[in-house]
Amino acid sequence: MEVTEGAGVPEPGEIRKLKPCLLRRNHSREQHGVAASCLEELRSKACDILAIDKSLTPVTLVLAEDGTIVDDDDYFLCLPSNTKFVALANNEKWAYNNSDGGTAWISQESFDVDETDSGAGLKWKNVARQLKEDLSSIILLSEEDLQVLIDVPCSDLARELGQSCATIQGLQNTLQQVLDQREEARQSKQLLELYLQALGKEGSILSKQEESRAGFSEKGDAVDTGTGGEISSEVALTSQILTALKEKPAPELSLSSQDLELVTKEDLKALAVALNWDIKKTENVQEACNQELALRLQQMQSLRSLRNISARKNSLPGELQNPKRARQDPT
């Protein structure tokens, strides 16, 4: 089927507003801005601008974001301006390869990591859906997940959650506040550690630390030389969690609640071997993770209790909301 220039043109006397759109070919980085009043006109312009051979028609237009096929004019008219389309010629199939939010298009022929890129690109949607189910789960998110949602364009997050941009802007501000609070807590812990180290140099705390290190020295050596290989194979933590524990100051603030739970359940000696730490240091970090997890769960429980109380109050009949007045009326 040939797509002609005049196909899909509005009827005489019918005025349709031109919609600005962005067009590209599958696996291409180059985008073209066009304006069309209907789908047929957009297909026609796609053939001309993208140099699609007429033998490769019909052309299918899909949303660049998720591959949704757009074949209804009414739906087309409902889409926002500057929607990104991919023109698929003949039997081409859409493949997600947007690696940086719409500015770099990576060809499948050049890379064999499309599935990995796709997972990274869609990660924010999975986190957003978690918030949609329960907003209080903000407390349980890792710092990485919080930052992912903060970096998402407001319009994209609003569309995913079905909220207004003003509401989403408020949500992103809240996410930033949570992130800032964790950073403040981390800095406070670092200052406390520096203070304790300064006291230790004066003598009293230093002597106790020397005794503690001496007490755990033989145990640490025994773990490293006797059962190191066997224990390390039993560690169930991912490399990402282990890296955070090793490199992040106050790592418990960086991890999600699910990761914190994994750390607290890990065998102490196995964790010490995996981190190449002595038992005392490992025990302190594991305890810090346990305390942070307990705090978050307590906050979650408090929020849900408040929400349930509020819901019950709103469901009470009007005459029962003021029991004192009800008792004053004997009839």
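Could you work out how much longer the chain between Leu303 and Leu196 gets when fully extended? Use 0.36 nm per residue separation minus the Cα distance between them, nm to one decimal. If you can, show how the numbers build up before the last one.
Working: separation 107, 0.36 × 107 = 38.52 nm, distance 3.50 nm.
Value of the extension gain: 35.0 nm.
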By average C-beta atoms within 10 angstrom, highest first, the peptides 47-56, 147-156: 147-156, 47-56
Phi angles of segment 276-292, converted by Karplus (6.51 cos²θ - 1.76 cosθ + 1.60, θ = phi - 60°) into ³J(HN,Hα) in whole Hz with x for Gly and Pro, give 6, 10, 7, 4, 4, 5, 5, 5, 5, 5, 4, 5, 4, 5, 5, 5, 5
Leaving ligands and nucleic acids out of the surface, order Lys93, Lys19, Lys280 by accessible area at 1.4 Å, largest first. Lys93, Lys280, Lys19
With θ set to phi - 60°, apply the Karplus curve 6.51 cos²θ - 1.76 cosθ + 1.60 along segment 132-146 and write out the HN-Hα couplings as whole Hz, x wherever there is a Gly or Pro. 4, 6, 7, 4, 5, 5, 3, 4, 8, 6, 6, 4, 5, 5, 4
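Extension gain Ser239-Leu77, at 0.36 nm per residue separation less the Cα-Cα distance, in nm? Walk me through the numbers on the way to the answer.
Numbers: separation 162, 0.36 × 162 = 58.32 nm, distance 4.74 nm.
That pair, Ser239 and Leu77, stretches by 53.6 nm at full extension.
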Work through the residues other than Ala35 whose Cβ is under 10 Å from its Cβ and net out their charges, Lys, Arg +1 and Asp, Glu -1. +2
For segment 144-192, list log₁₀ I(q)/I(0) at each q in 0.21, 0.24, 0.30, 0.31 Å⁻¹, using the Debye formula over Cα point scatterers of equal strength and ignoring solvent, two decimals each. -0.69, -0.81, -1.06, -1.09
Ordering of 188-194, 284-290 by burial proxy (mean other Cβ atoms within 10 Å per residue, highest first): 284-290, 188-194
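Rounded to the nearest 0.05, what FRET efficiency do Asp53 and Lys93 give with R0 = 22 Å and r taken as the Cβ-Cβ distance? Could you check?
Details: r = 18 Å, r/R0 = 0.81.
Result of the calculation: an efficiency of 0.80.
The values are calculated or read from the model by the stated rules, or taken from the named source; none is laboratory data. Because the structure is a prediction, the values reported are computed rather than measured. Here the Cβ is made from the backbone with ideal geometry for all residues, glycine too, and neighbour counts use every protein chain on show. Just so you know, the surface numbers come from the protein's heavy atoms only, side chains and all, with ligands and any DNA or RNA stripped out. Shrake-Rupley method; radii C 1.70, N 1.55, O 1.52, S 1.80 Å.
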